[in-house]
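Novice: Sharing a structure with you now.
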Amino acid sequence: LPEQEAFDIEYWLLEEAKLQRMPKPKSLAGRIALVTGGAGGIGSAIADRLLREGACVVLADIDRQALGETAELLSGRYSNDVMRAVAMDVTREDAVEAAYLAAAVEYGGVDILVSNAGIASSAPVEETSLDLWNKNMSILSTGYFLVSRAAFRIMKAQGIGGSIIFIASKNGLAASPGASAYCTAKASEIHLARCLALEGAPEGIRVNVVNPDAVLKGSKIWSGDWLKERADAYGKDTSELEEHYRQRSLLKRSVLPEDIAEATYFFASEASAKSTGNIVNVDAGNVQAFTR
Ligand code: NAD
């Protein structure tokens, strides 16, 4: 090649390499997200995913110790300015209002709500006490109502729309033995999301649902060990239990918290700007298998 042409090509290749190395703009920059149950196995993965895309995140959870641990692990990855941790019980109106106030004071509002706080506590119907039934209803059904009502109020006042994502469950669509309280509460979350999608549309508030199937391992930034707990409860060893869940799915794959976080990120971002009232099952195909 003539000297000038070789120089041009080399220069062009260097420019290309430089462009490749340049950081891409973050898709949630300037957005503020509240993640309930943010200290838990799935919530921490969701918080991590939204932070990675540039959102400011308020972690809200009833478990102060877990909240502190998760916040510490996340602050090792991101600047302290982009994350706050708030102790909050989703069943208490005053606590929910206080969490939104904290988000408004710290960051100026809330654009994204991920309603994820939950429990997994159920029993066969004849052994289900009224307390157990009410606990499921108050944390799952009422809790999801309270946090979304507060989100609607703040998002309407902001006047720029918003995105609400419910982490419900495959069990909100498909019955599961010995879990009527949980399944009923999760089904109510899904129907609440549909109602809110209708109400929110004129204001640009989108409401969508992500349904996990059994997620056996907590996120990479979470210290709990569900797999061991569940395996002990079923009298199986951990690899046996994992294999059982993997084999019953169509895709023969385990669902991870990071998979739930990815679907949540989709609904939080502009990539889903034309989606509301939708339900996505992140279940490796298990809902299909169940209803076949
Ligand atoms: P997790 O127990 O790790 O997280 C739940 C979090 O919610 C905990 O940090 C807990 O402290 C918090 N919480 C409980 N009650 C609360 C309250 N009253 N107020 C505020 N926070 C409260 O469990 P997870 O699996 O990460 O659960 C997240 C969501 O995913 C839940 O709604 C759950 O029903 C749903 N889900 C989980 C699975 C699974 O297999 N892990 C499957 C389907 C659906």
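Just so you know, all these numbers are worked out from the coordinates, no wet-lab data involved. If you're wondering where the values come from, they're calculated on a predicted model, not measured in any experiment. FYI the Cβ positions are ideal-geometry reconstructions off the backbone, even for glycines, and counts take in every protein chain you see.
Novice: Hey, could you get me the Stokes-Einstein D for the chain, Kirkwood radius over alpha-carbon pairs, 4 °C and 1.567 mPa s, rounded to whole µm² s⁻¹? List each step's numbers first, then the result.
Specialist: Details: Rh = 20.2 Å.
So the translational diffusion coefficient is about 64 µm²/s.
Novice: If you don't mind, there's one more thing I want to ask. How large is the dipole of the stretch 126-239 about the Cα centre if only Lys and Arg carry +1 and Asp and Glu carry -1, each at its Cβ, rounded to the nearest 20 debye? List each step's numbers first, then the result.
Specialist: Numbers: 13 positive and 11 negative charges, 93 e Å.
That gives a dipole near 440 debye.
Novice: Sort 92-100, 16-24, 139-147 for me by packing, meaning the mean count of neighbouring Cβ atoms within 10 Å per residue, highest on top.
Specialist: On the way: 92-100: 17.1, 16-24: 7.4, 139-147: 22.6.
Per-residue mean Cβ counts within 10 Å order the peptides as 139-147, 92-100, 16-24.
Novice: Which shape class applies to the stretch 1-64: rounded if a/c is under 1.5, otherwise prolate when a/b exceeds b/c and oblate if not, where a ≥ b ≥ c are the square roots of the Cα gyration tensor eigenvalues?
Specialist: Values: a/c = 8.73, a/b = 4.50, b/c = 1.94.
Verdict is prolate for the stretch 1-64.
Novice: Around Ile42, with a cut-off of 10 angstrom between Cβ atoms, what is the net charge of the other residues, counting Lys and Arg +1 and Asp and Glu -1?
Specialist: Once all neighbours under 10 Å are counted, the net charge is -2.
Novice: Further question on the same structure: Would you work out if the stretch 166-206 is rounded, prolate or oblate? Take a ≥ b ≥ c from the square roots of the eigenvalues of the alpha-carbon gyration tensor; rounded if a/c is under 1.5, else prolate when a/b is larger than b/c, oblate otherwise. Could you put the intermediate results ahead of the total?
Specialist: Working: a/c = 4.27, a/b = 3.51, b/c = 1.22.
Verdict is prolate for the stretch 166-206.
Novice: Here is a further query. Helix 143-158 sits at what angle to the longest principal axis of the chain, using alpha carbons and giving 0 to 90 degrees rounded to 10?
Specialist: Between helix and principal axis, roughly 40 degrees.
Novice: How large is the direction-averaged shadow of the alpha-carbon convex hull of the stretch 110-207, in nm²?
Specialist: On the way: hull surface 23.1 nm².
The Cα convex hull of the stretch 110-207, projected and averaged over all directions, gives 5.8 nm².
Novice: Starting from a Cα-only point model with no solvent, please compute log10 I(q)/I(0) by Debye for the stretch 33-92 at q = 0.14, 0.20, 0.25 1/Å.
Specialist: Treating every Cα as an identical point scatterer, log10 I(q)/I(0) equals -0.29, -0.61, -0.95.
Novice: Once you put a point 7 Å from the Cα of Glu270 and another 7 Å from the Cα of Arg92, both along the Cβ direction, what distance in nm separates them?
Specialist: 3.9 nm
Novice: To the nearest 10 degrees, how steep is helix 3-21 against the longest Cα principal axis of the chain, on a 0 to 90 scale?
Specialist: 20 degrees
Novice: Do the sum for the chain: with -39,500 (n - 2.57) for every DSSP H run of n ≥ 4, divided by all residues, what is the mean residue ellipticity at 222 nm, to the nearest 500 deg cm²/dmol? Don't skip to the answer; put the middle values down first.
Specialist: Values: 11 runs with 138 residues, N = 292.
It lands at -15000 deg cm²/dmol.
Novice: In whole Å, what three semi-axes, largest first, describe the equivalent ellipsoid of the stretch 10-158 built from its Cα gyration tensor (square root of 5 times each eigenvalue)?
Specialist: On the way: eigenvalues 258, 64, 37 Å².
Calculated on Cα positions only, the semi-axes equal 36, 18, 14 Å.
Novice: Separation of the stretch 2-45 and the stretch 91-138 by C-alpha centroid, Å?
Specialist: Spelled out, the Cα-based centre of one part sits 36 Å from the other.
Novice: What translational D, rounded to a whole number of µm²/s, comes out for the stretch 158-268 from Stokes-Einstein when the hydrodynamic radius is the Kirkwood one over Cα pairs, at 37 °C and 0.692 mPa s?
Specialist: Working: Rh = 15.8 Å.
Value of D from the Cα-based Kirkwood radius: 208 µm²/s.
Novice: Helix 43-52 against the longest principal axis of the chain: what's the angle in degrees, Cα atoms only, rounded to the nearest 10?
Specialist: That works out to roughly 20 degrees.
Novice: With viscosity set to 0.890 mPa s at 25 °C, what whole-number translational diffusion coefficient in µm²/s follows for the stretch 219-292 from Stokes-Einstein and a Kirkwood radius over Cα pairs?
Specialist: On the way: Rh = 14.3 Å.
Using the Kirkwood radius from Cα pairs, D works out to 171 µm²/s.
Novice: Could you give the size of the charge dipole of the stretch 158-224 about its Cα centre, using +1 on the Cβ of each K and R and -1 on the Cβ of each D and E, expressed in debye and rounded to the nearest 20?
Specialist: 260 debye
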